[in-house]
Amino acid sequence: VQLQASGGGLVQAGGSLRLSCAASGRTFSTYVMAWFRQAPGKEREFVGTINRSGDSTYYGNSVKGRFTISRDNAKNMVYLQMNNLEPEDTAVYYCAASFKMFRLSTDSYNYEYWGQGTLVTVSS
């Protein structure tokens, strides 16, 4: 599967953005999807993940209650709605996919496919 993330940009603290990730290739509904982020000088951080049918999600503690991950299997899309953004959310955001995974995972090593990333900058 090939992944293309988009929707990043500059936003003020307290604002919102919606990231999108378009998938092509193998049947999209067979993949567990996730979002990760990496801020300058920091390690890659788990943001959220969603199961194949879209009815189960899990979030990192730093974004829980502010971010929502969703997917549209008919459109081969996964989304990350980000609300109440904080300067600490500034990072490159990556979508990731796993065909092999049996259950949701926060570990980036469990995801076989990665998009190119989209930059989110939150100003204070």
Exercise. Could you pull out every one of the lysines with an alpha carbon less than 25 Å from that of LYS100, ignoring same-chain neighbours closer than 8 positions?
Key: LYS75
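State, as an integer percentage, the relative contact order of the chain based on alpha-carbon contacts under 8 Å between residues 6 or more apart. Numbers along the way, then the final one.
Details: 304 pairs, mean separation 44.7, N = 124.
Relative contact order comes out at 36 percent.
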Quiz item: Any idea how far apart ASN61 and ALA22 come out in nm if each label point goes 7 Å out from Cα toward Cβ?
Solution: 3.8
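Of the peptides 56-69, 27-40, how do they stack up when ordered by the mean number of other Cβ atoms within 10 Å, highest first?
Packing proxy ranking, top to bottom: 27-40, 56-69.
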Quiz item: Roughly speaking, to the nearest percent, how much of the range 1-78's 1.4 Å accessible area is carbon and sulfur?
Solution: 44
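Two decimals, Cα atoms only, Kirkwood Rh: what is Rg/Rh over the range 1-77?
0.97
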Quiz item: Suppose R0 equals 30 Å; then what is the FRET efficiency for GLN4 and GLU88 from their Cβ-Cβ distance, rounded to the nearest 0.05?
Solution: 0.70
Exercise. Write down the accessible area per residue of the chain in Å², having rolled a 1.4 Å probe over the full set of protein chains.
Key: 52
Exercise. Please report, largest first and rounded to whole Å, the three semi-axes of the ellipsoid equivalent to the range 18-124, where each semi-axis is the square root of five times an eigenvalue of the C-alpha gyration tensor.
Key: 22, 14, 13
Self-check item: Residue-span extension gain [THR106 to SER29] - 0.36 nm each, minus C-alpha spacing
Solution: 25.8 nm
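The values are calculated or read from the model by the stated rules, or taken from the named source; none is laboratory data. The structure presented is a predicted model; accordingly, all values stated were derived computationally and were not measured. Backbone-built Cβ (ideal geometry, glycine too); neighbour counts: all protein chains shown. In case anyone asks, the SASA skips ligands and DNA or RNA and just uses the protein heavy atoms, side chains included. Shrake-Rupley method; radii C 1.70, N 1.55, O 1.52, S 1.80 Å.
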